[in-house]
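The values are calculated or read from the model by the stated rules, or taken from the named source; none is laboratory data. No experiment lies behind these values; they were computed from the predicted model shown. Methodologically, a virtual Cβ is constructed for each residue, glycine included, from the backbone with ideal geometry; neighbour enumeration extends over all protein chains shown.
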């Protein structure tokens with residue numbers, strides 16, 4: 001397939017992308033877990049989300065972005081529990097309402113998957 005063929009609408013696409021969209025939302029665009037440096041890539045992706053993506057779209061400053069990292073660490077270290085937002089807020093130096101807002105940011109950025 002050449003660029004001119006694409007421009008002139010001379011290309012037939014056999015794949016139907018919409019049926020695959022749900023799977024894409026769950027697994028992502030590229031399975032980098034198959035590569036040798038999976039943990040490094042995962043850490044970089046999480047850092048980019050916490051340090052750049054979320055702060056950029058929420059007008060957050062860098063000190064707040066550091067609290068996001070602390071919060072994610074607390075969530076990752078915790079066994080399944082019913083979140084005590086006040087206690088978590090004390091641990092990261094944020095008000096419980098801010099913790100709830102940070103969790104919304106995590107869900108919207110797919111940093112954490114909401115429980116069913």
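Applying a threshold of 7 Å to beta carbon distances and a minimum spacing of six or more residues, or different chains, the list of pairs starting in the stretch 35-50 at a residue that is in contact (Cβ under 8 Å) with a residue 60 or more places away in the chain and at negative phi and ending at one that is surrounded by 12 or more Cβ atoms within 10 Å (Cβ to Cβ) and part of a helix (DSSP H, G or I) reads 50/65; 50/68; 50/69; 50/72.
Among the residues of the stretch 92-109, which ones are assigned to a helix (DSSP H, G or I), touching a residue at least 12 places away in the same chain (Cβ under 8 Å) and in contact with a helix residue (DSSP H, G or I) (Cβ under 6 Å, 6 or more places away or on another chain)? Once the filter is applied, which keeps residues that are assigned to a helix (DSSP H, G or I), touching a residue at least 12 places away in the same chain (Cβ under 8 Å) and in contact with a helix residue (DSSP H, G or I) (Cβ under 6 Å, 6 or more places away or on another chain), the stretch 92-109 yields 92, 99, 100, 102, 105. Given the criteria within 14 Å of the chain's Cα centre (by Cα) and either surrounded by fewer than 15 Cβ atoms within 10 Å (Cβ to Cβ) or not in a helix (DSSP H, G or I) (or both), does residue 54 qualify? Considered against the rule, which asks whether it is within 14 Å of the chain's Cα centre (by Cα) and either surrounded by fewer than 15 Cβ atoms within 10 Å (Cβ to Cβ) or not in a helix (DSSP H, G or I) (or both), residue 54 comes out as no.
Across the stretch 58-74, the qualifying residues are those that are modelled with pLDDT under 85 and in a helix (DSSP H, G or I), and the one among them that is nearest to residue 113 (Cα to Cα) is 65.
When you check residue 24 against the structure, is it free of Cβ contacts under 8 Å to residues at least 40 places away in the same chain, more than 30 Å from residue 90 (Cβ to Cβ) and not in a helix (DSSP H, G or I), yes or no? Step through it out loud before you land on a result.
On the way: free of Cβ contacts under 8 Å to residues at least 40 places away in the same chain: yes; more than 30 Å from residue 90 (Cβ to Cβ): yes; not in a helix (DSSP H, G or I): no.
When the stated conditions are applied, residue 24 does not pass them.
Identify, from the list 32, 81, the residue that is at pLDDT below 85 and in contact with a helix residue (DSSP H, G or I) (Cβ under 6 Å, 6 or more places away or on another chain). Among 32, 81, only 32 is at pLDDT below 85 and in contact with a helix residue (DSSP H, G or I) (Cβ under 6 Å, 6 or more places away or on another chain). Note on the stretch 1-20: residues that are surrounded by 10 or more Cβ atoms within 10 Å (Cβ to Cβ) and within 30 Å of residue 105 (Cβ to Cβ) amount to 1.
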